[in-house]
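Okay, so here's the structure we're looking at.
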Amino acid sequence: MNPPLTEELRAHLVDMWVRVTNEGGSVGFVPPVTGDDIRPTADRSFDRVRQGSDVLICLVAPDREKNRESVRNGAGFPSTESAQNDIPVVPGTDSDNRLSTGLSGPLTGERVVAWLLLAESESLLRRHWRTVYRVQVDPEWQGLGLGTSLMAAAAAYAKEALGLEALTLMTRSGTGAERFYKRCGYREVGRIPGAIRVGPNDDRDELHFWLDL
Ligand SMILES: CC(C)(COP(=O)(O)OP(=O)(O)OC[C@H]1O[C@@H](n2cnc3c(N)ncnc32)[C@H](O)[C@@H]1OP(=O)(O)O)[C@@H](O)C(=O)NCCC(=O)NCCS
């Protein structure tokens with residue numbers, strides 16, 4: 001949670017965002033993109049993290065091959081349900097590599113395999129919940145359950161550490177992400193037809209999801 005935003009980590013997160021987008025992920029852009037396209041938006045988010053209004057949650061793996069193998073073998077990340085009660089820990093690692101509220105030890109960009117942000121509203125009337133955004137898993141690590149673990153860790157942190165009552169998020173229709181968020185316990189609470197224009201003659205609905213904590 002909120003690791004130091006070193007130049008290396010910032011570059012790594014932007015690089016992942018580029019690769020996720022160019023492989024078809026829906027994280028605010030449409031492919032093809034480069035780092036130059038994404039960096040200004042990323043920098044605004046990183047500034048909000050520095051100012052304390054947003055929380056950056058990263059899932060880290062110290063040894064790419066070892067941990068990917070471990071996850072594939074089913075030895076690693078807990079189910080959504082158990083992770084709600086227990087912050088997930090990267091399998092086969094020591095406490096230096098824990099995904100926890102008090103992340104200790106150096107966090108190099110190389111080790112981050114998934115991340116998201118929790119944004120606080122500017123409105124004082126909306127401080128009992130936060131918005132989850134920029135949810136992404138490194139393309140090399142997708143489909144292994146890490147996205148589910150990341151969402152569970154975010155919910156646990158929001159409830160236990162931030163004392164929040166709910167999380168919300170928005171996504172565009174037609175990507176399949178709806179299914180992912182429903183599996184993470186979110187329910188659809190709203191839909192704005194055609195609010196997102198991803199290309200000529202390709203308007204998507206903006207879907208609003210909500211999770212009571
Ligand atoms: C969406 C994302 C975060 C999910 O993370 P992940 O680690 O790949 O997902 P998991 O392995 O935890 O999958 C959990 C379940 O959701 C499903 N799922 C994941 N991504 C999905 C997608 N894009 N469409 C449909 N189902 C999806 C999985 O099939 C799995 O269901 P199953 O157990 O029935 O097979 C990840 O694929 C990603 O980063 N995608 C690109 C970025 C993006 O689009 N983010 C969403 C922004 S709104």
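The values are calculated or read from the model by the stated rules, or taken from the named source; none is laboratory data. Note that the coordinates shown come from a computational prediction; the quantities given were computed from them, not determined experimentally. With ideal geometry, Cβ positions are generated from the backbone for all residues, glycine too; neighbour counts draw on all protein chains shown.
Just to verify a result, which residue in the stretch 14-37, among those that are assigned to a helix (DSSP H, G or I) and polar (S, T, N, Q), is farthest from the ligand (Cβ to nearest atom)? Spell out how you get there, then give the answer.
Going residue by residue through the stretch 14-37, those that are assigned to a helix (DSSP H, G or I) are 14-22, 35-37.
Remaining after also requiring polar (S, T, N, Q): 21-22.
Details: THR21: 8, ASN22: 11 Å.
Per the criteria, the residue is ASN22.
If you check GLY25 against the conditions, is it at pLDDT 65 or above, surrounded by 14 or more Cβ atoms within 10 Å (Cβ to Cβ) and farther than 18 Å from ARG111 by Cα?
When the stated conditions are applied, GLY25 passes them.
Quickly run through the stretch 135-177 and pick out the residues that are outside any helix (DSSP H, G or I), within 11 Å of the ligand (Cβ to nearest atom) and out of contact with any helix residue (DSSP H, G or I) (no Cβ under 9 Å at 6 or more places or on another chain).
Looking only at the stretch 135-177, we keep the residues that are outside any helix (DSSP H, G or I), and these are 135-138, 142-145, 161-176.
Retained after the next criterion (residues that are within 11 Å of the ligand (Cβ to nearest atom)): 135-138, 142-145, 169-176.
Within the stretch 135-177, GLY143, MET170, ARG172, SER173, GLY174, THR175, GLY176 qualify.
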